[in-house]
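Here the structure is laid out as structure tokens; the discussion comes afterwards.
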Amino acid sequence: MDETSDGVTEIHRDINNLIADLEIPLTDWDDKWLDVYLDISVKLLDISLAFTSEIRRLNQSHLLLQRVLHKLESHSPERFMQACSSLDSWRQHIGTKNPRLETCHPILHSLVESLNLPKVKNSAKGKVLVRAMYGAKVAIVYICSVFAAALSGSAPNLLDFSVLSTLPWASVFFDVQTTVNSEVRKMFSCGKFTGLRELDAVDACVKTLYPLLQDGFGSNEGEWFQNSVWDLRRTAEELSQGLDNLLKAVAGYFKIVSTGGYALLCNLRTSVGVPNSMLGRKVEEQALR
């Protein structure tokens with residue numbers, strides 16, 4: 001998942017670089033271009049905060065797993081029952097819905113509804129910029145919808161939307177969207193509650209270990225039990241590391257989006273001496289939409 005987040009960051013960084021490379025004079029800028037850029041930036045900042053909230057919530061479950069593993073170091077039946085209780089707490093924590101994550105779907109849906117390719121007159125550079133921002137918006141919004149579905153364990157968070165058929169990459173996007181959405185929905189229909197591979201691996205270990213702790217285990221099951229504990233320890237560490245990497249990737253994306261939008265506005269301001277008050281109002285207008 002962190003590779004996906006890195007991909008989104010690269011797309012946004014490429015747009016920022018393109019804007020700088022095109023060096024479009026302020027007199028050629030259309031308010032609609034700026035509105036498109038700021039609209040998606042502000043809303044994606046909200047989505048990034050929601051993702052960060054959920055990743056941190058999932059990472060908190062690592063403490064519960066560490067408590068389980070600590071109790072399993074003893075062979076005391078009482079400790080095993082305490083470990084069972086901690087596993088119950090882990091299951092409850094993982095299964096709890098995050099209200100902040102639930103806000104992603106309406107935000108992404110609004111971005112899809114505002115998806116359009118503004119007409120550009122008398123500006124070849126403007127046409128390049130608008131087409132690039134359209135493509136970036138399509139890619140980022142779709143990837144974020146897959147991300148939201150994976151984190152929430154909810155297929156309805158996936159988006160199905162069309163793009164302009166005249167674009168050379170339209171058919172490729174449709175094929176990718178169809179394939180990925182089909183696979184994700186198939187995965188959830190099989191009973192998986194998450195799209196995170198590492199979390200699913202931990203859940204599988206918990207399902208194996210829990211009945212052994214509840215029912216007790218004989219001497220012939222000792223090795224199987226120890227292997228189950230080892231698997232839980234390994235997968236728990238992999239989950240923790242994966243979530244840490246994912247959190248860093250989302251934080252990096254948040255920084256790219258927030259600094260990119262402000263740098264763009266600052267460049268426009270300094271080129272013609274636009275007051276800071278006007279700069280602030282432009283950002284506020286997008287944040288209130």
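Can you pull out the GluC sites (Glu not before Pro) in segment 43-140 that DSSP calls coil and that have at most 15 other Cβ atoms within 10 Å?
Here the sparse-neighbourhood loop sites are 73.
Ligands, DNA and RNA are left out, and with a 1.4 angstrom probe the accessible area of segment 1-270 is 51 Å² per residue.
Restriction of the trypsin sites (Lys or Arg not before Pro) in segment 93-138 to DSSP coil positions whose beta-carbon has at most 14 other beta-carbons within 10 angstrom yields 97, 119, 121. Remark: for residue pairs 137/248; 43/255; 127/255; 32/248; 32/125; 192/248, the C-alpha separation exceeds 24 Å in 127/255; 32/248; 192/248. Segment 47-80 and segment 132-205 have Cα centres lying 28 Å from one another.
Residue separation of residue 223 and residue 241 scaled by 0.36 nm, minus their Cα-Cα distance, works out to 3.8 nm of gained length. Ordering 229, 44, 193 by the projection of their Cα atoms onto the charge dipole of segment 1-270, which places +1 on the Cβ of Lys and Arg and -1 on the Cβ of Asp and Glu, puts 44 at the extreme positive end. Would you work out if segment 1-270 is rounded, prolate or oblate? Take a ≥ b ≥ c from the square roots of the eigenvalues of the alpha-carbon gyration tensor; rounded if a/c is under 1.5, else prolate when a/b is larger than b/c, oblate otherwise. Since a/c reaches 1.5 and a/b is larger than b/c, the shape of segment 1-270 is classed as prolate.
Taking the charge dipole of segment 1-270 about its Cα centre, with +1 at Lys and Arg Cβ atoms and -1 at Asp and Glu Cβ atoms, the residue from 153, 115, 58 reaching farthest to the positive side is 115.
The values are calculated or read from the model by the stated rules, or taken from the named source; none is laboratory data. Please read these numbers as outputs of a predicted model, since none were measured by experiment. Ideal geometry is used to build each Cβ from the backbone, glycine not excepted, and the neighbour counts take in all protein chains shown. Side chains are part of the model used for accessible areas, which takes the heavy atoms of the whole protein and leaves out ligands, DNA and RNA. Shrake-Rupley method; radii C 1.70, N 1.55, O 1.52, S 1.80 Å.
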